[in-house]
Amino acid sequence: MKDINGVIGSPRNFLEEEIEKDIITGKVQDGVLTRFPPEPNGYLHIGHAKSICLNFEIAKKYGGTTNLRFDDTNPAAEETKYVKSIKNDIRWLGYQWDNKAYYASDYFDQLFDFAIQLIEQGDAYIEELSPEEIATYKGEPTSPGKDSPYRNRAKEENLRLFREMKEGIHEEGKYALRAKIDMSSPNMHMRDPIIYRIKKDVHHRTGDKWKIYPMYDFAHGQSDSIERITHSLCSLEFRNHRPLYNWIIEKLGIFPSRQIEFARMNVAYMITSKRRLRKLVEHNIVEGWDDPRMSTISGMRRRGYPPAAIRTFCDKVGITKRDNLIDMALLESCVRDELNQTAKRVMVVLDPIKVTITNYPEGQSEQLTIINNPEDEDSGTRKLSFSKHIYIERGDFMIDPPKKYFRLGIGRNVRLKGAYILHGEEVIMDGDQVVEVRCTYYTDSKSGSDTSGIKAKGTLHWVEQSTAQDIEIRLYDRLFTDPTPDQHEDRDFMDFVNETSMVTITAKAEQSLKESIPGDQYQFMRKGYFVHDQEAGDQLIFNRTVTLRDSWAKKQKK
């Protein structure tokens with residue numbers, strides 16, 4: 001283990017305080033080893049992102065490493081495609097597990113032997129009650145349960161039946177292996193929990209070799225111990241599982257991994273239940289697990305959230321012992337801060353209106369130099385065409401504007417970004433609809449060499465008509481209208497789906513976007529941050545990552 005004298009004692013959270021105690025007292029001697037143990041039955045989400053960052057960063061801080069281990073003990077729900085997506089998500093976040101990926105299925109033989117050991121010690125028995133009967137015998141949290149009539153089955157019979165379960169002789173549900181602990185314990189998890197059950201589904205790695213599979217509570221602690229995980233960092237929902245975690249390790253006499261719990265990530269307007277996320281996919285509320293409105297890491301990646309922004313967000317949220325609801329505005333702020341530094345600025349008109357510059361020569365054009373990103377001096381510049389005919393936003397023009405309206409109006413001056421100052425002259429109407437604005441420009445007002453002396457308080461983005469690219473824009477908003485859609489006892493979370501969470505429009509973009517490729521990120525000037533959709537192929541489709549400001553909060557106050 002590398003020297004960590006400069007680390008211990010520095011500002012830290014409660015998890016780090018506990019780890020430091022273990023280091024100082026000698027409980028940890030060979031280095032800190034953590035693990036991230038996802039079940040490969042779905043895609044990772046924002047809550048997993050916190051766990052990933054926490055486990056990898058804490059191990060790194062104390063000179064240790066982190067294992068990636070798949071909890072693949074339920075073959076009915078697990079698939080190789082989920083394994084691949086999880087690995088991809090972790091790498092994308094910026095982390096790499098040590099050596100190789102591990103699997104609970106790597107230890108099935110050893111876990112079986114552990115179960116045999118418990119039976120031989122008199123600490124486990126074969127149950128024959130139905131699931132409903134088991135639940136009845138367990139009782140209520142406020143009253144003790146009662147012993148199963150099979151609790152004191154002879155050891156030899158328990159061993160025989162357990163081996164028969166392994167051989168596939170018995171049907172699913174006929175038998176189960178239970179730990180023999182305490183049916184009067186106030187902790188329901190300690191009332192003789194099931195640790196093995198019969199399942200005859202084909203496993204994505206072991207095929208049909210196994211007919212029985214360990215429960216999570218049995219496989220988790222032993223897998224930690226086999227790998228010599230020093231600290232098993234879990235969310236608070238596993239707090240009541242810790243006594244069982246410790247009981248099994250103690251009964252088996254194996255390496256004592258230590259479980260410590262922290263508050264899970266709860267973000268307003270997001271859900272992190274795999275079951276509910278799957279429902280959104282199956283009911284076609286979203287396009288798939290990587291829909292940019294989803295709380296999945298793959299969805300956030302497709303939306304354009306930079307991995308650095310997610311890491312920063314997890315760091316700012318911090319590590320606590322109590323569950324709380326995190327404002328989504330904090331996540332979006334982290335995204336804006338990151339993209340402000342890295343995203344190229346381009347001009348895109350979302351709701352175009354034609355502008356004709358009447359005193360600019362017909363058929364003439366010129367190339368203007370535009371800075372790619374004023375926050376990044378190494379981002380360089382690009383050339384844009386300028387001519388007599390351009391587009392501006394419809395909302396940037398008023399026929400009779402009020403005094404403090406600093407955009408284009410009849411008799412008003414306004415500057416075009418990187419170009420000239422325009423003066424509004426007249427408007428062409430089609431009924432009540434403005435179809436064209438006619439302006440003049442000041443020939444000596446070119447940006448960077450303006451000698452006109454003309455003042456213009458407002459600056460507009462624009463796109464030259466002849467070189468404009470038609471692009472598809474998907475304006476994404478929050479998927480739910482309620483900050484906690486899954487916390488209503490009397491209503492289904494689907495009742496709160498935001499019907500306008502995706503609006504698709506066609507816009508006019510500057511010519512440089514013709515060369516854009518999927519994954520490229522931009523700030524559309526004055527409109528927000530956008531990303532070239534990773535599934536767009538050869539099409540120019542852009543997803544709104546986040547607005548320039550928190551427009552949602554402002555919208556809710558109206």
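The values are calculated or read from the model by the stated rules, or taken from the named source; none is laboratory data. Since this is a predicted model, take the numbers as computed values, not measurements. With ideal geometry, Cβ positions are generated from the backbone for all residues, glycine too; neighbour counts draw on all protein chains shown.
What's the total number of residues in segment 47-77 that are of a type in the set (S, T, N, Q), over 30 Å from Lys200 (Cα atoms) and in contact (Cβ under 8 Å) with a residue 40 or more places away in the chain? Give the steps one after another, and end with the answer.
Narrowing segment 47-77 to residues of a type in the set (S, T, N, Q): 51, 55, 65-67, 73-74.
Pick out the ones that are also over 30 Å from Lys200 (Cα atoms) and you get 51, 55, 65-66.
Those left that are additionally in contact (Cβ under 8 Å) with a residue 40 or more places away in the chain: 51, 55.
Within segment 47-77, residues that are of a type in the set (S, T, N, Q), over 30 Å from Lys200 (Cα atoms) and in contact (Cβ under 8 Å) with a residue 40 or more places away in the chain number 2.
Restricting to segment 194-218, what's the tally of residues that are within 33 Å of the chain's Cα centre (by Cα) and either hydroxyl-bearing (Ser, Thr, Tyr) or closer than 20 Å to Asn158 by Cβ (or both)?
Matching residues across segment 194-218 total 12.
Being more than 19 Å from Arg311 (Cα to Cα), of a type outside the set (S, T, N, Q) and not in a loop (DSSP other than H, G, I, E, B) narrows it down to one of Ile58, Ile23, Ile86, so name that one. Break it down stepwise before answering.
Numbers: Ile58 fails: more than 19 Å from Arg311 (Cα to Cα); Ile86 fails: more than 19 Å from Arg311 (Cα to Cα).
Answer to the selection: Ile23.
If you check Glu128 against the conditions, is it free of Cβ contacts under 8 Å to residues at least 40 places away in the same chain, out of contact with any Cys (no Cβ under 6 Å at 6 or more places or on another chain) and surrounded by fewer than 17 Cβ atoms within 10 Å (Cβ to Cβ)?
Numbers: free of Cβ contacts under 8 Å to residues at least 40 places away in the same chain: no; out of contact with any Cys (no Cβ under 6 Å at 6 or more places or on another chain): yes; surrounded by fewer than 17 Cβ atoms within 10 Å (Cβ to Cβ): yes.
It is false that Glu128 is free of Cβ contacts under 8 Å to residues at least 40 places away in the same chain, out of contact with any Cys (no Cβ under 6 Å at 6 or more places or on another chain) and surrounded by fewer than 17 Cβ atoms within 10 Å (Cβ to Cβ).
Can you tell me which residues in segment 319-355 are under 28 Å from Glu18 (Cβ atoms) and assigned to a helix (DSSP H, G or I)?
The answer is Leu330, Leu331, Cys334.
Do any residues in segment 363-386 that are in the same structural domain as Tyr420 (by TED's automatic domain parsing) have Cβ atoms under 9 Å from those of residues that are surrounded by fewer than 17 Cβ atoms within 10 Å (Cβ to Cβ) and aliphatic (A, V, I, L, M), where the two are at least six apart or on different chains, and which pairs are they?
Pairs that qualify, where the first residue is in the same structural domain as Tyr420 (by TED's automatic domain parsing) and the partner is surrounded by fewer than 17 Cβ atoms within 10 Å (Cβ to Cβ) and aliphatic (A, V, I, L, M), are Ser379/Ile371; Gly380/Ile371; Thr381/Ile371; Arg382/Ile371.
Output the number of the condition that Ile319 fails; it satisfies all remaining conditions of (1) more than 23 Å from Asn13 (Cβ to Cβ); (2) aliphatic (A, V, I, L, M); (3) at pLDDT below 95.
Just one mismatch for Ile319, condition (1).
Consider Leu236 carefully, then state whether it is of a type outside the set (Lys, Arg) and in the same structural domain as Lys100 (by TED's automatic domain parsing). Write out each step before concluding.
Details: of a type outside the set (Lys, Arg): yes; in the same structural domain as Lys100 (by TED's automatic domain parsing): yes.
In short, yes.
Let me confirm something: among Gly31, Gly47, which residue is assigned to a helix (DSSP H, G or I) and surrounded by fewer than 22 Cβ atoms within 10 Å (Cβ to Cβ)? First the steps, then the outcome.
Details: Gly31 fails: assigned to a helix (DSSP H, G or I).
Criteria check complete, one pass: Gly47.
For Leu408, work out the one condition from (1) touching a residue at least 12 places away in the same chain (Cβ under 8 Å); (2) out of contact with any helix residue (DSSP H, G or I) (no Cβ under 7 Å at 6 or more places or on another chain); (3) aliphatic (A, V, I, L, M) it doesn't fulfil.
(2)
If Asn158 satisfies every condition in (1) of a type in the set (S, T, N, Q); (2) within 29 Å of Lys146 (Cβ to Cβ); (3) in contact (Cβ under 8 Å) with a residue 40 or more places away in the chain but one, which is the exception?
For Asn158, the exception is condition (3).
Would you please name the residue that is modelled with the lowest pLDDT, looking only at residues in segment 383-433 that are closer than 13 Å to Ile353 by Cβ and not in a strand (DSSP E or B)?
Filtering segment 383-433 for residues that are closer than 13 Å to Ile353 by Cβ and not in a strand (DSSP E or B), the one modelled with the lowest pLDDT comes out as Ile399.
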